[in-house]
Each structure stands twice: as structure tokens, then as C-alpha cells.
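Enquirer: The structure under discussion is supplied below as C-alpha cells; questions concerning it will follow.
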Amino acid sequence: MRDVWKLGFILFAICAVAAGALAFVNDITEERIAAQAAMKLEQALASVVPGADEFKDETDRVLAVAPPASRGGRPEFSAITKVYVGYKNGEMAGAAFACSPSGYGGPIDAVVGVSRDGVVTGLTVVKHSETPGLGANVTNRDFQMRFVGLRAGTPVKVTKDGGQVEAITGATISSRAVASGVDEALRLFELASREGVW
Amino acid sequence: MSFKSEFTKGLIKENPTFRILLGMCPTMATSVAISNGIGMGIAATFVLVGSNIIISMLRNVIPSRIRIPCYIVVIASFTTIVDLVMAAFVPKLHEVLGIFIPLIVVNCIILGRAEAFASKNGVLYSLADGLGMGLGFTMALTGMSTIRELLGTGTLLAVPDFGFAGFKVFERSLAAVMMILPPGGFITLGLLIGLLNYLGRRGKKAARA
């Protein structure tokens, strides 16, 4: 019985040292990592809404137009996490929708840019955990360009589901997820325009 | 026992992938593209060397009855530290290797070497063992991923994170997608193990004759 206390104490000591080391490293790196993430977001926004020189987080104002979730149902626009409005010289140039639809290996964090007149101007995948070699190809420029030029009004789907976007070979689920993100972004854009948000 | 022999045994004679058959899960998952194979290999080597050194230093402190949880704490902390430091100071590299780092925690080569080697040997030998095993793992992944990427996509050395599509060898439509899916991984691994066994046996016969 005395052994249990002794072994427990040693394990506790090792865990405590490990926790201390992790806390120390986290303390040094936290700020830098946050800065990197902010810079990455800035770059992603600028790349999907070309021409805009300033972005404002207007998530609350835009998502306010979404209908409340019906009881027990999935709320609409549940994949949209943030909405940034891009301005050029104070005029709205477009909107960037950060969305996080579920892919094959987890959520795919992507940013979709939509111009003032409702056309997809850019798409970039910020973070994902799809299968390397297959679903991970959602980061390919080639694939992302397939969405550029799509218009609000028609649903965005992969060809297998009767849509217009060709899926990545061997990665229908990942492609479908990205398509649903773009689809939600365009629908939200249209709804917000109709409601006169911008 | 020498530094050199501890280092070289991991390359072929006791290759972790083809001989000891450890770390099969990351092998299957990352050997689909050469860039992934090399990335996983380097990241795993780094953690393996670090954890081998620390566990070798602590080998007289850790009681044998609770050694496994202690090893796991050391390995998981080391992996997290590597992950955070890379994200903060070399974000470009972290973007490419980042997805492999969480996989390293469950890579049983690292736990295996801690248990079978570092807990019984000195720091210098453990360092050599970690380096050799890590390089052996990297070589095995590179070999497997060369075959799988070539047959599965028709390209070589594609790095999608850098926007580089790779060198095209033949048309993608002629490629067998199965090769970059799990079955292709098992087939490639099985054939390579068979080939190495065959060569090893022939070498032994030649030495006897």
C-alpha cells in the first residue's frame, strides 16, 4: 500500500514538471502564435476580396438577418463563423465569409470572398485535417479556382449531386464540404443584400 | 556496442517500418506523397531523439512499474513543445509539418524505442539510436511514398502547401487512385517487406557459401 503513494507521488512529480515546462513554453509562444494567426487571416481576407484595403468584422450585424433555428432543426448558416466586410476608400468592395463546414477528417476552415454584385471572387482554405494526398488537395489553387465566378442565386453543389463544381478525385466528401461552405456564403450574401444590410 | 553501430542498425537491419513493423498508422497515412513522407520523417526523428535523450536521463528515476505513463507524459509534452515552438518561430514550416505533429504522440516507434532502448542505455547511445531509427523511418516513408505518389497521381514531389504541383511523369487519368488510398499502402508495404526479406535471405546464403 505504501508503494501506491510512492509511485503516485513520482508520477505526480513528473506530470508537474511536464505541466510547468508546457506552461513556460506556452507563455513564450502564445503571443507570437496569435500574431501569426491574425496575419494569416489578414492575408486570407485580402486574397479573397481583391481591392479592399480595410476589413471590419460585422458578423453580428450580418447574421442577425438569418432566421432563428426551428425547434430541433439545424440552424441555417451554421457553417458560417465570421463575416468580414471589405472596404475600399470607405465604400464596400465585397464580403469575406469565414466558414467551417465538416469535411472527412474534421472541419475545413475556409474563407469565401463575394463581390458587391454577388460573385465569388476568391476562396482559400485556412486550416483542415483532410487525408493527405486526397482531401488535402482542397488547398490546391486548381480546385479553389473552380468556385471563382459562381453567382449567388444558384445552389453550389458538386457534379455528383447535380451541381456545377467538379469534385477532387477520391475526395468527394471534402469537395462537398467546401461546396456547402461556398453555398452558405452565397445564400447569406443574397439574404443580407435583400434585407439591405449593405 | 558503439555509437556507429547503434546509429546504423536502424537504417536497414532493424528498420522500424520494414523490420520491427512499428508506426504502421502514420506510415499508411503519410506515405501518399514524397513531401508528406519526408515531413513526417523529420518531425518524428526530432521528437524521437528528444524523447530518447530525456528518457535515458530519467531512466534511474522512473520506477519500472509506472514507466509507461511516465514515457507517455514525456513524449506528449515534448511533442506539444515542438508544435508550439514551431508555430511561433517557423510558421512556414509549421504549416507543412503541422498536421503530422499530433500524429507523433501516438507513433509507437517512439514509445517502442523508449521502452526497448533508451530506458536501458546511456544518453549518447540513446541519441544514436534515436537518430538512426528516425532516419530509417524517414527513408522507409520516402521509399514508400515515391512508389505511391508516382503510381497514384502520376507526379513526383508535389507540395500542395507551397502551391507546387510536382513533376508530371504521366497523365493523371492513367494513375491508379487506389495507390494513394489505404489498400495501396498495404500492398506497397507488403511487397517492400517481402523484397527486403528476399534480399536479406539471399545475402545470408551468399555469405554462407
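The values are calculated or read from the model by the stated rules, or taken from the named source; none is laboratory data. Because the structure is predicted, anything quoted here is derived from the model rather than measured. Reconstructed Cβ throughout: ideal geometry from the backbone, glycine too, with neighbour counts over all protein chains shown. The protein model used for the area step is the full one, side chains on, heavy atoms only, and it has no ligands, DNA or RNA in it. Shrake-Rupley method; radii C 1.70, N 1.55, O 1.52, S 1.80 Å.
Enquirer: Which of the residues belonging to the stretch B:18-53 are closer than 22 Å to B:Gly98 by Cα, in contact with a Leu (Cβ under 8 Å, 6 or more places away or on another chain) and assigned to a loop (DSSP other than H, G, I, E, B)?
Expert: Passing the criteria: B:Ser31, B:Val32.
Enquirer: A further question follows. Checking A:Ala18 against (1) open to solvent by 40 Å² or more (accessible area, probe 1.4 Å); (2) within 13 Å of chain B (Cβ to nearest Cβ); (3) without any contact (Cβ under 8 Å) to a residue 12 or more places away in the chain: exactly one of these is not met. Which one?
Expert: Of everything listed in (1) open to solvent by 40 Å² or more (accessible area, probe 1.4 Å); (2) within 13 Å of chain B (Cβ to nearest Cβ); (3) without any contact (Cβ under 8 Å) to a residue 12 or more places away in the chain, A:Ala18 misses just condition (1).
Enquirer: Which condition number does A:Val182 fail, the rest of (1) in contact with a helix residue (DSSP H, G or I) (Cβ under 8 Å, 6 or more places away or on another chain); (2) within 17 Å of A:Ile108 (Cβ to Cβ); (3) among the hydrophobic types (A, V, I, L, M, F, W, C) being met?
Expert: (1)
Enquirer: How about the stretch B:173-209: which of its residues are within 13 Å of B:Gly152 (Cβ to Cβ), surrounded by 12 or more Cβ atoms within 10 Å (Cβ to Cβ) and among the polar types (S, T, N, Q)?
Expert: The one that is within 13 Å of B:Gly152 (Cβ to Cβ), surrounded by 12 or more Cβ atoms within 10 Å (Cβ to Cβ) and among the polar types (S, T, N, Q): B:Thr188.
Enquirer: Sticking with this structure for a sec: Between B:Gly152, B:Gly184, which is over 30 Å from B:Asn52 (Cβ atoms), assigned to a helix (DSSP H, G or I) and at pLDDT below 90?
Expert: The conditions single out B:Gly152.
Enquirer: I need the full set of residues from the stretch A:157-175 which are in contact with a Phe, Trp or Tyr (Cβ under 7 Å, 6 or more places away or on another chain) and free of Cβ contacts under 8 Å to residues at least 60 places away in the same chain, in order please.
Expert: Correct list: A:Val165, A:Ile168.
Enquirer: Which residues, taken from the stretch B:98-139, are open to solvent by 10 Å² or more (accessible area, probe 1.4 Å), in a helix (DSSP H, G or I), more than 12 Å from chain A (Cβ to nearest Cβ) and under 15 Å from B:Ala29 (Cα atoms)?
Expert: B:Val105, B:Cys108, B:Thr138
Enquirer: Whether any residue in the stretch A:151-160 is in a helix (DSSP H, G or I) and more than 26 Å from A:Trp198 (Cβ to Cβ) is what I want to check.
Expert: Within the stretch A:151-160, one or more residues are in a helix (DSSP H, G or I) and more than 26 Å from A:Trp198 (Cβ to Cβ).
Enquirer: If you don't mind, there's one more thing I want to ask. If only one of A:Ala52, A:Ala46 is free of Cβ contacts under 8 Å to residues at least 12 places away in the same chain, closer than 20 Å to A:Glu91 by Cα and not hydroxyl-bearing (Ser, Thr, Tyr), which one is it?
Expert: The conditions single out A:Ala46.
Enquirer: Considering (1) of a type in the set (A, V, I, L, M); (2) in a helix (DSSP H, G or I); (3) under 20 Å from A:Phe189 (Cα atoms), say which one A:Val17 fails and leave the rest.
Expert: A:Val17 satisfies all of (1) of a type in the set (A, V, I, L, M); (2) in a helix (DSSP H, G or I); (3) under 20 Å from A:Phe189 (Cα atoms) except (3).
Enquirer: The conditions are (1) away from chain B (no Cβ under 14 Å); (2) open to solvent by 50 Å² or more (accessible area, probe 1.4 Å); (3) at pLDDT below 90, and A:Lys40 fails exactly one of them. Which is it?
Expert: (1)
Enquirer: Looking only at the stretch B:154-172, decide whether some residue is open to solvent by 70 Å² or more (accessible area, probe 1.4 Å) and closer than 19 Å to B:Leu21 by Cβ.
Expert: No: the stretch B:154-172 contains no residue that is open to solvent by 70 Å² or more (accessible area, probe 1.4 Å) and closer than 19 Å to B:Leu21 by Cβ.
Enquirer: Sticking with this one: Of the residues in the stretch B:54-73, how many are open to solvent by 50 Å² or more (accessible area, probe 1.4 Å), outside any helix (DSSP H, G or I) and not polar (S, T, N, Q)?
Expert: Residues flagged as open to solvent by 50 Å² or more (accessible area, probe 1.4 Å), outside any helix (DSSP H, G or I) and not polar (S, T, N, Q) within the stretch B:54-73 amount to 3.
Enquirer: Okay, next question. Quick test for you: out of B:Ser64, B:Ser126, B:Ser56, B:Ser119, pick the one residue that is touching a Lys or Arg at 6+ places or on another chain (Cβ under 6 Å) and under 30 Å from A:Gly8 (Cβ atoms).
Expert: Among B:Ser64, B:Ser126, B:Ser56, B:Ser119, only B:Ser119 is touching a Lys or Arg at 6+ places or on another chain (Cβ under 6 Å) and under 30 Å from A:Gly8 (Cβ atoms).
Enquirer: Can you name the residue in the stretch B:74-97 that is more than 15 Å from A:Leu22 (Cβ to Cβ), at the interface with chain A (Cβ under 9 Å from one of its Cβ atoms) and open to solvent by less than 50 Å² (accessible area, probe 1.4 Å) and is also farthest from the chain's Cα centre (by Cα) among such residues?
Expert: B:Pro91
Enquirer: Evaluate the following for B:Pro26: is it within 12 Å of another protein chain (Cβ to nearest Cβ) and surrounded by fewer than 22 Cβ atoms within 10 Å (Cβ to Cβ)?
Expert: Spelling it out, it is not the case that B:Pro26 is within 12 Å of another protein chain (Cβ to nearest Cβ) and surrounded by fewer than 22 Cβ atoms within 10 Å (Cβ to Cβ).
Enquirer: Right, next: Among the listed residues B:Val123, B:Val169, which satisfies the condition of being farther than 30 Å from B:Ile62 by Cα and aliphatic (A, V, I, L, M)?
Expert: Of B:Val123, B:Val169, the one residue that is farther than 30 Å from B:Ile62 by Cα and aliphatic (A, V, I, L, M) is B:Val169.
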